[in-house]
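Working notes, structure below.
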Amino acid sequence: MIKGKRIKFAPLDRKHIDIFLKWFNDPEITQYLLMYKPLTRDWEEEWFDVLKHKEDMVHFSIFLLDQEDPEKIIGNCAIHNIDSKNRACTCGITIGEKNYQNQGYGTEAMEMLVEYGFNTLNMNRIELSVWDFNTRAYNSYQKVGFVEEGRKRQARYHNGKYYDEVIMAILREDWEKKTNE
Ligand SMILES: CC(C)(COP(=O)(O)OP(=O)(O)OC[C@H]1O[C@@H](n2cnc3c(N)ncnc32)[C@H](O)[C@@H]1OP(=O)(O)O)[C@@H](O)C(=O)NCCC(=O)NCCS
C-alpha cells in the first residue's frame, strides 16, 4: 500500500471489474484514452489473467484516504513498458469517477506514480502521451514536472477531426531538482 496526502494506491482487484467496465465504456472517459471499442467482462477478465505474467508493467487502483469510505475507488494508474537497460518507462492514469475529477486527485496520483517510478523502480525517464485536446491532463502533467518533447502530428482521430499526440516526459534529474526546490 502506498499512501499520499489524500489518496492511496493498492493493487488492482477483480472485485472492481464492474466499476472498471463502467469507466472504460464511458465515451467521456475513453475519448482521452487509446481504448475505443466496447469493453466486455470477458476481455476484462482475460486482461487480469495476462497481467499477472507481465513483468514490464505495474498497475495500481487509486483510493480515497477517507475514514468514512476507505473503500472508495476513484481511478487507476500504471507504469508500462519498463525498459531495464535504458531505465525508461511509460505511464498512464484515469480518474474514472467523474465526480472526483478536477479536484487535484489526478495530479497527486501522478506525483505518487512518478515517485514510485524513480524511487522504487529506479527509472531515469518516465514518458507519457496526451492528445492535444486534453488540456486538463496536459496542465496536470506540467504541474507534476513533465515537459513537452514533441508532437506526432494528426496522430489521433476524434469526433471527425485529427489531433496531435503530444509526447511528454520527466527525467530523474528534473524530478530531483523539483523535489529539492
Ligand atoms: C486527466 C486527469 C487524470 C486529471 O486528473 P484530475 O484530478 O481531474 O485533475 P487535477 O484536478 O489534478 O488537475 C487538472 C488541472 O487542469 C485544470 N483543468 C481542469 N479542467 C480543465 C479544462 N477543461 N481545461 C484546462 N484545464 C483544466 C485544473 O484547473 C487543474 O489545474 P489547477 O489545479 O491549476 O487548477 C483526469 O481528469 C482524468 O482521468 N480524465 C479522464 C481520462 C484522461 O484524460 N486520462 C489521461 C489520458 S492522457
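The values are calculated or read from the model by the stated rules, or taken from the named source; none is laboratory data. This one's a predicted model, so the numbers in the text were calculated from it and none came from an experiment. Backbone-built Cβ (ideal geometry, glycine too); neighbour counts: all protein chains shown.
Worth a mention:
- Meets criteria (assigned to a helix (DSSP H, G or I), polar (S, T, N, Q), out of contact with any Phe, Trp or Tyr (no Cβ under 8 Å at 6 or more places or on another chain) and more than 8 Å from the ligand (Cβ to nearest atom)) for N99: yes
- Residue within the stretch 165-172 that is within 22 Å of P27 (Cα to Cα), out of contact with any Leu (no Cβ under 7 Å at 6 or more places or on another chain) and either surrounded by fewer than 16 Cβ atoms within 10 Å (Cβ to Cβ) or not aliphatic (A, V, I, L, M) (or both) present: yes
- Subset tally (residues that are among the aromatic types (F, W, Y) and within 16 Å of the ligand (Cβ to nearest atom)) for the stretch 31-51: 2
- Residue match in the stretch 126-149 (condition: over 14 Å from Y32 (Cα atoms) and in contact (Cβ under 8 Å) with a residue 40 or more places away in the chain): yes
- When D26, D49 are screened for being modelled with pLDDT of 95 or more and over 21 Å from E108 (Cβ atoms), only D26 passes.
- Residue check: S84 meets all listed conditions (1) among the polar types (S, T, N, Q); (2) more than 16 Å from the ligand (Cβ to nearest atom); (3) within 30 Å of G160 (Cα to Cα) but one, namely (3).
- Looking across the stretch 52-68, the residues that are assigned to a loop (DSSP other than H, G, I, E, B) and either within 14 Å of the ligand (Cβ to nearest atom) or surrounded by 10 or more Cβ atoms within 10 Å (Cβ to Cβ) (or both) come down to K54, D56, M57, L65, D66.
- Yes/no for R125 being out of contact with any Cys (no Cβ under 6 Å at 6 or more places or on another chain) and away from the ligand (no atom under 16 Å from the Cβ): yes
- Scope the stretch 1-19; condition more than 13 Å from the ligand (Cβ to nearest atom) and not charged (D, E, K, R); matching residues: M1, I2, F9, A10, P11, L12, H16, I17, I19
- Neighbours by Cβ (under 8 Å, 6+ apart or cross-chain): first from the stretch 101-114, closer than 18 Å to S129 by Cα; second near the ligand (Cβ under 6 Å from one of its atoms) and of a type in the set (A, V, I, L, M): G106/I93; G106/I95; G106/A137; A109/I93; A109/I95; M110/I93; L113/I93
- Cβ pairs under 7 Å, 6+ apart, first in the stretch 26-49 and within 16 Å of G92 (Cα to Cα) and touching a residue at least 60 places away in the same chain (Cβ under 8 Å), second within 13 Å of the ligand (Cβ to nearest atom) and not charged (D, E, K, R): I29/W23; I29/T94; I29/G96; Q31/H158; Y32/W131; Y32/N134; Y32/A137; L33/T94
- Any hit, the stretch 128-142, residues being more than 12 Å from the ligand (Cβ to nearest atom) and buried (at least 18 other Cβ atoms within 10 Å of the Cβ): no
- One residue stands out among those in the stretch 108-119 that are closer than 18 Å to I62 by Cα and surrounded by fewer than 19 Cβ atoms within 10 Å (Cβ to Cβ): the one that is nearest to the ligand (Cβ to nearest atom), which is E108.
- Checking each residue in the stretch 4-16 for being closer than 24 Å to E108 by Cα and in a helix (DSSP H, G or I) picks out only H16.
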